[in-house]
1. Under 14 Å from a label point 7 Å along Cα→Cβ of Gln73: give me every residue in segment 180-196 with its amide N that close.
2. Between His82 and Leu126, what is the label-point separation in nm under the 7 Å Cα-to-beta-carbon projection?
3. For segment 203-246 and segment 37-67, what is the centre-to-centre distance using only Cα atoms, to the nearest Å?
4. Short version: ³J(HN,Hα) in whole Hz for each residue of segment 212-227, in order, from phi by Karplus 6.51 cos²θ - 1.76 cosθ + 1.60 (θ = phi - 60°), x for Gly and Pro, what are they?
5. Output the antiparallel fraction of DSSP beta bridges having both residues in the chain, as a percent to the nearest 5.
6. With r defined as the distance between the Cβ atoms of Asn233 and Asp137 and R0 fixed at 30 Å, what FRET efficiency is calculated, to the nearest 0.05?
7. From the phi angles alone, apply the Karplus equation (6.51, -1.76, 1.60; θ = phi - 60°) to segment 108-113 and give each ³J(HN,Hα) in whole Hz, x where the residue is Gly or Pro.
8. Give, in nm to one decimal, the length gained when the segment between Asn260 and Asn185 is fully stretched (0.36 nm per residue of separation minus the Cα-Cα distance).
Amino acid sequence: MKFNVVYTIDRAYQVPFCCSLTSLLSHNKGLIDRVFVVQNVQSASSEEFKKTSSFVNEAYGLNINSIEIDDSQFNELRADRHVSHATYYRLCLADFLPNDVQSILLLDPDTIITKELSLFSELDFLENPELMCYAVDHGYGSIDRLKSLCPTLESYFNAGVLFLNIQLMRNENISPTLIRYGIDNKDGLLFWDQDILNILFNKRWKKLPPSYNAFDIKKKLVQTPEIIHYTGNRKPWNIICDHVYRELYWQVLSRTPFYNFKSIIREKFGGLITLFLVPIITVIRGN
């Protein structure tokens with residue numbers, strides 16, 4: 001059974017989104033029904049998105065369904081560090097997506113997919129109609145932190161890869177509840193929408209194998225995970241990145257429209273040196 005895929009992005013994540021989607025389609029084109037991107041108008045009208053859309057259509061014969069939203073409804077929610085208000089778009093997916101979409105694979109744009117994801121073609125919610133999602137366990141670090149907000153919390157998932165029961169979210173009209181909870185409790189939430197989803201989906205999720213959202217990796221694993229998630233500041237495109245699977249991002253980027261001589265310099269020498277080398281090479285090249 002084919003599955004639908006959703007990304008929520010803003011303009012700052014257009015290039016990582018292209019890389020993630022390229023890696024996904026390279027291994028899973030036959031498993032995917034539709035790809036949706038939820039973004040604001042500025043992001044949707046960007047040259048980067050136009051490039052990605054054309055590239056994906058030409059390379060994989062797939063049209064990206066862009067859902068353009070007014071994101072002012074998220075302005076009261078907390079956003080800081082490397083996270084913008086776009087992370088909260090996922091709280092309202094039941095409102096944004098077409099009515100015939102019943103479940104989706106939600107992927108953060110800072111992910112790289114390395115293998116076929118046939119597991120998601122086998123998942124459904126028929127046997128567990130009250131289940132909100134499948135996700136990878138994030139560990140126990142956040143449970144004690146959130147006990148004051150949710151005393152019954154016993155487990156906590158990472159929201160970077162979610163197989164979501166959109167129909168149930170729609171039936172329960174849960175979007176306004178998620179948004180209101182985030183606004184009312186923003187001072188007590190550390191990990192943005194992830195905290196909100198864990199509290200309001202408490203005891204209504206099942207675990208995925210850890211390799212389907214491999215985050216906070218310190219050393220290379222015996223088997224490469226199905227999905228590598230570059231969490232926190234350990235992004236391959238940052239000036240300093242010590243992620244052990246950093247090179248996989250650059251390998252995928254080399255197959256996209258965004259891999260040019262600037263990218264190569266940044267890959268080889270880092271962002272700081274790039275600032276000095278690019279102008280010099282541009283003059284030499286005469287462009």
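1. 180-183
2. About 4.0 nm, to one decimal.
3. Measuring centre to centre over Cα atoms gives 25 Å.
4. 8, 6, 7, 10, 6, 7, 9, 8, 5, 8, 4, 10, 5, x, 5, 10
5. Of all bridge pairs located within the chain, approximately 40 percent are antiparallel.
6. 0.85
7. 5, x, 8, 10, 10, 9
8. 22.6 nm
Since every read-out is calculated from the coordinates, none of them should be taken as a lab result. The structure presented is a predicted model; accordingly, all values stated were derived computationally and were not measured. Quick reminder, even Gly has a Cβ in these numbers, built from the backbone with ideal geometry, and neighbours come from all protein chains shown.
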